[in-house]
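The structure under discussion appears below in the form of structure tokens.
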Amino acid sequence: MYLFDGQLEPEWNTNLKFSTIIVAVMSCFRLALKAVIETCISQGAWIWVSGFRKGNIEARLEDFKLFDEAATGLWGSLVLIWRMKGKHLACVGAAIMILAQGLETFSSQIVGLDEELTPFTSKSAMNTLPAPPPPRAETWHNIIQRGTGGNMSLGFSTKAAIYDGIIAGTMSTIPLPCSTASCTWPPFPTLGVCGNCTESFFKTSCDSQNVCTYTMPSGTSVSSGDGTVSDFRFTVAPSNGSTNAFSLDSQAFFSIFDVMSASQTSSRTRIQAYECALWFCLQSLNVMVTNGTQTSSMIASWSKTSFSETNAHLGEYTFVDVPEELYLQNQTSYTVPTDSIQTMRGFMDSLMLGNASEIAGVIQYSSDWIEALQYAMLDLDGWISRLSLSMTNDIRRSGSIDRNRMFDYSGTAYIMASHVQVNWYWVVYPLTLMILAFCYLAQTVWRTARDQVCAWKGDSLPMLFCRVEQSIHAQVHDGMDRPEGLNDRVGRTEVELVRQEDGQWLFREPINH
């Protein structure tokens, strides 16, 4: 049991299980234990009547019946203990015989089975792994050439991801296939998109007619009316950035835009100004599926890059000085070609350009994207996070990796399986009985030698050739012809067994009685 404790329940075939083996072993143990105890109790009867035994209670002929019944049954053991008042060695054997009756019942408590999540191993082909590696990207170049002029355009999946990220109210990570109810994957790195929006300062200038213009450092501005009527202005415009800058080689920006609004009432004017940026970054993700529900989290992100010239894409940004918490393996290189960044920038600039204004109580928007962005002003950080996640999902799907590292981040599927749990405190029960049985056996052997009786045990032949003193035999009369007749006539007669000089064994009344 020690070897199997905490391990999967072994199954040798569909019909033979570990629990069946335990029941069979305990049944064999009980039978062996009873065989030892029965032998010792039967031998105890001869020790009990021995003339060399020392004790205050004299043996009676009916005691042979008590010992015989105690050796074979529960009730006989109880009667024997009552007869001996618990003061004779035979009471130990009787007690063991009583306790042994429950071995098979309590054996089911010794070993239990707990359902635990266990790694699921499958011999299927690589394309049917129970928890295949998650989609990820080491580089991204999902752009398409349009026409003969060399104009590049984003792939449709990337455009759809951007549209979805701008408008959607919720966004989740890519669902990973898991052939069982629960799967885990090691933390894995991937190329993705990071973004933020930071509040920006602005300058205010007003003319003589109380028409004020509010201008951000990048030049993006909005104007407010004279304050006599409700007024609203909203504008979004791409910029080269003030907090963030495209000129930095240490970060792969592909979109920087300003968001500015002016809300005016008769009492006050409220101005909001933000500079938002999106850039390629390296992310490490932790994903797991528990009971069919997927949870994911970003462990860390890294944005430091180094620009280098190449012949293939005119240049590329390579992520450098990547820390350990990104979980890169084998010094894998993560890069973004400059033409991918330029194509992405052109597309984003066309979307992040527009305005909205309130005319006669109705707000008119230049595009759906501007309307979605204006509604997001209440939680601009949440909006930029959803847009970044949507684009990251597409990059993970449409990006590429080295095929030699395709299975580096394969997951582990888990199934509920039975594990053996040994309840060691229940093992004390049969172990105690076994120790008591060996002690009882040793005492029986020693007393057999001390009280000078033969090891006749449960053999009935010696009883046939033992003589009975004439005075006792004369009391029998017709007792053998009636039920319980012998017990009534001589059962309570006190006797002792002695070996005579001629080698004959004799039951006689105790001399020192």
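The values are calculated or read from the model by the stated rules, or taken from the named source; none is laboratory data. If you're wondering where the values come from, they're calculated on a predicted model, not measured in any experiment. So basically every Cβ, Gly included, is an ideal-geometry build from the backbone, and we count neighbours across all protein chains shown. All accessible areas refer to the heavy atoms of the entire protein, side chains included, with ligands and DNA or RNA removed. Shrake-Rupley method; radii C 1.70, N 1.55, O 1.52, S 1.80 Å.
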Does Pro430 meet the test of being of a type outside the set (D, E, K, R), at pLDDT 85 or above, on the phi < 0 side of the Ramachandran plot and surrounded by fewer than 15 Cβ atoms within 10 Å (Cβ to Cβ)?
no
Restricting the range 467-496 to residues that are in contact with a Leu (Cβ under 7 Å, 6 or more places away or on another chain) and of a type outside the set (S, T, N, Q), the one surrounded by the fewest Cβ atoms within 10 Å (Cβ to Cβ) turns out to be Met480
For the range 441-511, which fully contained helices (runs of 4 or more DSSP H) count at least 2 residues that are over 24 Å from Cys40 (Cβ atoms)?
470-473, 485-490
For the range 300-326, give me each residue that is open to solvent by 40 Å² or more (accessible area, probe 1.4 Å) and either among the small types (Gly, Ala, Ser) or farther than 20 Å from Gln251 by Cα (or both).
Ser301, Ser306, Ser308, Asn311, Ala312
If we scan the range 306-320, do we find a residue that is touching a strand residue (DSSP E or B) at 6+ places or on another chain (Cβ under 7 Å), in contact (Cβ under 8 Å) with a residue 60 or more places away in the chain and among the polar types (S, T, N, Q)?
no
Looking at the range 369-385, which of its residues are of a type in the set (Phe, Trp, Tyr) and open to solvent by less than 20 Å² (accessible area, probe 1.4 Å)?
Trp383
Would you confirm whether any residue within the range 59-76 is in contact (Cβ under 8 Å) with a residue 12 or more places away in the chain, polar (S, T, N, Q) and within 16 Å of Thr444 (Cα to Cα)?
no
Go through the range 122-157 and count every residue that is open to solvent by 40 Å² or more (accessible area, probe 1.4 Å), charged (D, E, K, R) and either at pLDDT 90 or above or more than 37 Å from the chain's Cα centre (by Cα) (or both).
1
For the range 2-18, which residues satisfy the criterion of being modelled with pLDDT under 75 and open to solvent by less than 80 Å² (accessible area, probe 1.4 Å)?
Gly6, Glu9, Asn13
Looking at the range 444-500 only, could you name the residues that are charged (D, E, K, R), on the phi > 0 side of the Ramachandran plot and touching a residue at least 24 places away in the same chain (Cβ under 8 Å)?
Lys457
Of Asp402, Asp394, the only residue that is out of contact with any strand residue (DSSP E or B) (no Cβ under 8 Å at 6 or more places or on another chain), open to solvent by 50 Å² or more (accessible area, probe 1.4 Å) and of a type outside the set (Gly, Ala, Ser) is Asp402
